[in-house]
1. Pulled fully out, how much extra length does the chain show between residue 114 and residue 160, if you take 0.36 nm times their separation in residues and subtract their Cα-Cα distance?
2. Output the relative contact order of the chain, whole-number percent, from Cα pairs under 8 angstrom with separation of 6+ residues.
3. Sorted by packing (mean other beta-carbon atoms within 10 Å per residue), highest first, where do 95-101, 47-53 land?
4. On C-alpha positions alone, give me the angle between the axis of helix 146-158 and the longest principal axis of the chain, in degrees, nearest 10.
5. Between 93, 123, 112, whose Cα lies farthest towards the positive end of the dipole of segment 71-162 when Lys and Arg beta carbons carry +1 and Asp and Glu beta carbons carry -1, centred on the Cα centre?
6. Quick one: Debye curve from the C-alpha atoms of the chain, no solvent, what's log10 I(q)/I(0) at q = 0.15 Å⁻¹?
7. Nearest 10 degrees is fine. How inclined is helix 26-39 to the longest principal axis of the chain, computing both from alpha carbons?
8. Would you calculate a helix-derived [θ] at 222 nm for the chain, using -39,500 (n - 2.57) for each DSSP H run of n ≥ 4 and dividing by the full residue count, to the nearest 500?
Amino acid sequence: MPVRQIRLFGDPVLRSVCAPIDRIDDGVRRLVTDLVDSVGEPGRAGVAAPQIGVGVRAFSYNVDGVIGYVLNPVLEVAGDAVPTGEGCLSVPGLWHDAMRHPWARVTGIDLGGDELVVEGEGLLAQALQHECDHLEGMLYLDRLPKDVRRQAMREVRESDWF
């Protein structure tokens, strides 16, 4: 499958809360293939379904050479949130410190309907939180302090892609 085009800031699908996946069918299997193919590009730690235009609760991740996916993830975090340098494929060219917890776990299902648990620290924890935010219609910009967010929005408006 070809790598799917990433939706950019301003696309309404990025601000919509995603629907749960209630049935695993050929469409969901194709979506997972597209998510996994899309996250395999260099420099990508995660791709959520809304980033490729699909409003369901699914994402892929690519951290430390491990590529995977989760359907219907439920996020748990631990530790005090700290400023963590972050960017987003849907907001290209920007990099700011978002508040992220040092440990995260998602529990969801795989294509067989079996429970799937992914947990970790560092970049994996950050990616799990970032992708789960996408499924709630949030971008990392929403987690920035007000003054930093204002600057980031100025950068978006001045970008050549917006």
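Every read-out reported here was derived from the displayed coordinates using simple, explicitly stated rules and does not represent laboratory data. Here the structure is a predicted model, which means the values were calculated and not measured. Neighbour counts are summed over all protein chains in view; Cβ atoms, including those assigned to glycine, are modelled from backbone coordinates with ideal geometry.
1. Details: separation 46, 0.36 × 46 = 16.56 nm, distance 4.34 nm.
Additional length available on full extension: 12.2 nm.
2. Numbers: 318 pairs, mean separation 38.0, N = 162.
It comes to 23 percent, rounded to a whole number.
3. Values: 95-101: 18.6, 47-53: 25.0.
Most protected by this proxy first, the peptides run 47-53, 95-101.
4. With both axes taken from Cα atoms, the answer is about 80 degrees.
5. 93
6. Log-scaled intensity ratios, in q order: -0.77.
7. 40
8. Numbers: 3 runs with 41 residues, N = 162.
That calculation yields -8000 deg cm²/dmol at 222 nm.
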